[in-house]
1. Using helices alone, I'd like the mean residue ellipticity at 222 nm for chain A: each DSSP H run of four-plus residues gives -39500 (n - 2.57), total over residue count, nearest 500.
2. Check which residues have an amide H placed less than 5 Å from A:C550's amide H, if you skip close sequence neighbours.
3. Excluding A:G167 itself, what net charge comes from residues whose Cβ is under 15 Å from its Cβ, given Lys and Arg +1 and Asp and Glu -1?
4. Under the rule a/c < 1.5 gives rounded, and otherwise a/b versus b/c splits prolate from oblate, where does chain A land using the Cα gyration tensor?
5. Give, as a single signed number, the net charge of other residues whose beta carbon lies under 15 Å from the beta carbon of A:Q229, with Lys and Arg counted +1 and Asp and Glu -1.
6. Counting only the backbone N, which residues of the stretch A:314-337 are under 17 Å from the spot 7 Å out from the Cα of A:E293 toward its beta-carbon?
7. Can you give me the Cα centroid spacing of the stretch A:359-395 and the stretch A:412-487 in angstrom?
8. What FRET efficiency comes out for A:N477 versus A:S571 if R0 is 41 angstrom and r is the Cβ-Cβ distance? Round to the nearest 0.05.
Amino acid sequence: MGFRNYILVCGGTGCESSKADLIYKTLIEEAAAQGVADQVQVIKTGCFGFCEQGPIVKILPEDSFYVKVRPEDARELISEHVIKGREVTRLLYNKTPKKPLEQVEDIQFYQKQLRVVLRNCGVIDPENIDDYIANDGYVALEKALFEMSGDDIINEMKLSGLRGRGGAGFPTWMKWNFTKQAEGDVKYVVCNADEGDPGAYMDRSTLEGDPHSVLEAMTICGKAIGAHQGFIYIRAEYPLAIHRLEVAMKQAREYGLLGKNILGSGFDYDIEIRLGAGAFVCGEETALLQSIEGHRGMPLPRPPFPASKGLWGKPTVINNVETWANVPVIIARGGAEFAKVGTQDSRGTKVFALTGKVKNSGLVEVPMGTTLREIVFDIGGGIAGGRKFKAVQTGGPSGGVITEENLDTPIDFGGLQRIGSMMGSGGMIVMDDSDCIVDVAKFYLEFTRDESCGKCFPCRIGGKSLYNLLDKITIGNGTEEDLEELKTIAHAMQKGSLCALGQTAPNPVLSTMRYFPEEYEAHIRDKKCPAGKCKKLIRYQIDPSKCIGCTACSRKCPVGAISGELKKPHSINQSACIKCGVCRQTCKFSAITIE
Amino acid sequence: MAKLSLEELRALRARESARMAKRDIHGKSIHVVVGMGTCGIQAGAKVTLNSIVDEIEAKGLKDVIVTQAPCQGKCDQEPVVEVYSPALGAVAYGKVDARLARQIVDEHIIAGRIIKDHQIDLEA
Ligand SMILES: Cc1cc2nc3c(=O)[nH]c(=O)nc-3n(C[C@H](O)[C@H](O)[C@H](O)COP(=O)(O)O)c2cc1C
Ligand code: SF4
Ligand code: SF4
Ligand code: SF4
Ligand code: FES
């Protein structure tokens, strides 16, 4: 007898942190207790991408998409859904039972998405190699080992047009080709899983949900360039991803898909994990290689590039996790097939971590060339809380802001660069009119200032100066000259820094100055923060014509700054007020405003 | 687990893909819905459901998905089974026992003939 229902429980970090593991165990217990253990299979998968609505449980074949599930709900999911065939409406994402033949893709968040990199996330059990193999896993490796030469593999990569997803967008086939042609009998393959960008978690989710795709890809590259050893450099803060990788490597070795004489082909290849301490600069490729060698992670001048002199001075291919996850698809289905998706400039898809003020945040994978408007408004569901869209920040600390006027720009490497931002690794933060643009720039500069390795002075000193100037502006001490100063330092950093951290660190400043000059002016000339965010520049005020004297605010104020008699208009003592905003949230009569 | 040869990997994949395909609900053109409300279950809907699923597996049909649904408001006709297919549209059957369940798979789904004697009108 086969299973009647399959219950997929999300086992990504987001959902695990809200008890998904307990839900998984309870579902198995309940199925046994209610006598249907032989009729349902409970499977723990990788991230569904809808982390904010997690923990996610999906039941097949009805394709019921349950969100914010708690362990206590397990009993009802079994007794109602599995046994009686009734969807548990209150847990459904859209709270309405489905009609026959409707599927999860009907949920707005999943429309317009195309899952290539995340093809197995939320579908297979990442700790079961058989699940991966069932979904065309290791088909590409078979082809690479038995049917293709190194040049054939590189040619397929060339046809695919794949560009590196770690930030710079360098054509992957060229890297492989340089390394293949470099002199030397020992070569290495490295996976960059450092993912230091604040807000980014697509690499983590890919490794957690589909670790074999990266192992398979790295082995294919080994065959292509003539390497026999790979390293995965991953930050120690990703324990679940590390665990899943370890399980996957063990299973692959048992099957002979890693190790000596893979599948009897005569090709030897193995992979080791190296843990990073989590410094942003260690994601830079030369610093990363230094760190694997046991040295302090500091960038080196390039050239030489890793392709000619990499790990221990040997020719080395280093690619990002998402780049790797595309490779098995390219080799299995063909580069030309892969290249059908995307734009002339950038083929394939891109995964973004959509966060900030959107209704649906989560991991989003879309074809290159999708517009920001589609991501923010169609997939993301628009701005939460009925506020007004202000900008999207892409590219993390190396990127910039994109405003309303550029929302219809198709997103690819070139497109984002032309409007003054960057693809970066794929962080995408949506801002509304309560976000201050100077404050956003300051946030990123604080990050790069702290993460600079200090090796070269334009970055070390420049980053600090940019931060200090921005800070000065947000507290109302900025001058017109400071704006010029910001630009001068920014350009010096771009020219004089050794690595991309310093070279791109000024981008958030330059881009916000370019698109929101009036907001900088307001801070400097009028000493006002239009978004009402910079504490030194705002005043909370009570409108006497609206205040009914209910006393609610004065009871909530943590510093006792509000006084007034019952049923008479209240007032705020400005010298005592710490601008926490509690009173404004408390007042039911909209009597308290920010100036 | 012993190391695999190329042939063994391919055999494993064929087996595992077949197992995985049962989980796959996409692109199936025929959809069978078994009414499983309280009244349906009392009337033996669980047996009906199991008979349909087993018969589909026995006949090796791949293009069919079987789901459960709550009570259809036709308690006197339970268990009710509805079949959606491109060829025959939506057709409902009433009082489906294990034997009729197998017959639905063999005649309606495989042979493409409506079993007129047991057809019911859900709209009525
Ligand atoms: C400061 C800094 C941090 C970086 N962090 C990462 C990272 O976390 N992950 C990553 O894949 N690439 C990162 N990169 C880019 C790498 O240097 C390198 O370009 C990339 O790993 C190449 O892989 P790809 O061609 O597949 O994109 C970083 C670069 C810089 C300058
Ligand atoms: S630019 Fe900054 S991070 Fe890069 S080497 Fe120089 S000091 Fe270090
Ligand atoms: S903003 Fe905070 S500190 Fe200031 S008056 Fe309101 S509650 Fe008190
Ligand atoms: S909560 Fe509003 S209405 Fe009540 S006293 Fe404060 S300002 Fe006035
Ligand atoms: S971790 Fe569960 S949906 Fe992302």
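1. Details: 21 runs with 205 residues, N = 595.
Here the helix-only value at 222 nm equals -10000 deg cm²/dmol.
2. Placed amide hydrogens put A:K567 under 5 Å from A:C550.
3. Working: positive: A:R163, A:R165, A:K175, A:R302, A:K350; negative: A:D194, A:E195, A:D197, A:D203, A:E284, A:E285, A:E322, A:D412, A:E451.
Local charge sum for A:G167: -4.
4. Numbers: a/c = 2.25, a/b = 1.25, b/c = 1.80.
Since a/c reaches 1.5 but b/c is at least a/b, the shape of chain A is classed as oblate.
5. Working: positive: A:K187, A:K223, A:R253, A:K260, A:R274, A:K314; negative: A:D185, A:D268, A:D270, A:E272, A:E293.
Neighbour charge sum, excluding A:Q229 itself: +1.
6. Hits in the stretch A:314-337 for A:E293 at 17 Å: A:314-318.
7. 22
8. Working: r = 28 Å, r/R0 = 0.68.
Taking R0 as 41 Å, the efficiency between A:N477 and A:S571 is 0.90.
The values are calculated or read from the model by the stated rules, or taken from the named source; none is laboratory data. These numbers come from a predicted model, not from an experiment. Note that we place each Cβ from the backbone using ideal geometry, even for glycine, and neighbour counts take in every protein chain shown. Accessible surface is based on the protein model in full, side chains and every heavy atom, while ligands, DNA and RNA are left aside. Shrake-Rupley method; radii C 1.70, N 1.55, O 1.52, S 1.80 Å.
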